[in-house]
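> Questions regarding the structure given below will be posed in turn.
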Amino acid sequence: MKVTIYANSSSKTTQVATELHTKLVAAGFEIDDQHPDIVLSVGGDGTLLSAFHHYSHMVDQVRFVGVHTGHLGFYTDWRDYEIDQLVAGLQQDNGQSVTYPLLSVEITYADNGDTDTYLALNESTLKKLGSTMVADVFIQDELFERFRGDGLCVSTPTGSTAYNKSVGGAVIHPRLDALQMAEIASINNRVFRTLGSPVIVAPYETITIRPQQQSNFLFTADQLNTQPRPIKQICYSIANRRIAFAQHRHNRFWKRVETSFIGLDEQ
């Protein structure tokens, strides 16, 4: 089995990554940064997002394992003090994995008609700089609403516990193939009206956002922030590729939610 370690630059993470590298080599694993079978992310959820985008071109060929060097994360199954157990688990690996949907984004620019495509693990957002964003929202090519507010967030189920939750979105189990759109500070009064709640769409449905202003918009896809540009439309759908996690421990989603946001064990 070929493995690689993708780590952040903190001193604690560097120490853990060095220890993990030493024990992997001693256990007979081949370290291959170019064509790994498993990507071992050491750090936190942000590190795993970076690892995903680094290897997104071959996401169908790799599986991910997260090692957390801080507090418990949603994408990280192992703690920094469990390196020996992790290596033993990899030695017994049988190739099983659990897969989650990804977000496919196609953006068309208004200034020249060019298009870009992106793949997101968590979410994508669209905001207008300096003033209220006005945009028509289409679900499966039918006009759903004219949105006015700070912006919109479209997330995957795995991303539902991230920025989506902070703007009032619902938490969705990651094994569901669905997209969610959450409003960011929408304007609702006697004149202007939106649904005012998150929208969860079926796997075959698309969400298209068409801004109604000829001005620059800020677009994000996970940790990627693009330069503000005039945007004609953005089309969101479930990607035909999925992210895979090695199924050594990757389960108990609701326990993760409880631990991260409620913390009953600490009360």
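> Rounded to the nearest 500, what is the 222 nm mean residue ellipticity of the chain from helices alone, with -39500 (n - 2.57) per DSSP H run of 4+ residues and division by all residues?
-4500 deg cm²/dmol
> Just round it to a whole percent: the fraction of Cα-Cα distances in the range 1-77 exceeding 17 Å.
40
> Whole-Hz ³J(HN,Hα) for each residue in the range 9-18, computed from phi via Karplus 6.51 cos²θ - 1.76 cosθ + 1.60 with θ = phi - 60°, x for glycine and proline: what do you get?
Calculated HN-Hα couplings, in order: 9, 5, 5, 5, 5, 4, 5, 5, 4, 5 Hz.
> For the chain, what is the number of Lys pairs with C-alpha distance below 27 angstrom, counting only pairs 8 or more positions apart or on separate chains?
Here the count comes out as 9.
> Okay, moving on. Quantify how much of the Cα-Cα distance distribution of the range 171-227 extends past 17 Å, in percent.
60
> Let me ask you something else. Just how many % of Cα pairs in the range 111-262 lie over 18 Å apart, if you round to the nearest whole percent?
59
> Averaged across orientations, what area in nm² does the convex hull of the alpha carbons in the chain project?
Taking a quarter of the hull surface, the average projection is 16.0 nm².
> May I ask for the equivalent-ellipsoid semi-axes of the range 100-165, computed as the square root of five times each C-alpha gyration tensor eigenvalue and listed largest first in whole Å?
In descending order, the three semi-axes are 20, 16, 13 Å.
> Got a sec? Which residues in the range 216-242 would a label at LEU195 touch, if it sits 7 Å along Cα→Cβ and we count backbone N under 19 Å?
Under cut-off, by backbone N: 234-239.
> So who's got an amide H within less than 5 Å of the one on VAL42, skipping anything under 5 residues away but keeping other chains? H placed 1.01 Å off N, in plane.
TYR6, ALA7, ASN8, VAL67
> Which whole-Hz couplings ³J(HN,Hα) result when phi for each residue of the range 186-192 is put into the Karplus expression 6.51 cos²θ - 1.76 cosθ + 1.60, θ = phi - 60°, listed in order with x for Gly and Pro?
6, 9, 9, 8, 5, 9, 10
> Here is a further query. Using the scaling law 2.2 N^0.38 Å as the reference, what is the normalised Cα Rg of the range 39-196?
1.25
> Moving on. For SER97, enumerate residues with amide H under 5 Å from its amide H, sequence gap 5+ or separate chain, H modeled in the peptide plane.
GLN247
> Shifting gears a bit: HN-Hα J couplings of the range 21-37 from phi, Karplus 6.51/-1.76/1.60, θ = phi - 60°, integer Hz, Gly and Pro as x?
In residue order, the calculated couplings are 4, 4, 6, 5, 5, 5, 7, x, 7, 8, 8, 9, 6, 8, 9, x, 8 Hz.
> While we're here: What ranking, highest mean first, results for peptides 28-34, 202-208 when packing means the other Cβ atoms within 10 Å averaged over each residue?
202-208, 28-34
Laboratory data are not the source of any read-out in this text; all were calculated from the coordinates shown. What you are looking at is a predicted structure, and each value in this text was computed from that prediction instead of being measured. With ideal geometry, Cβ positions are generated from the backbone for all residues, glycine too; neighbour counts draw on all protein chains shown.
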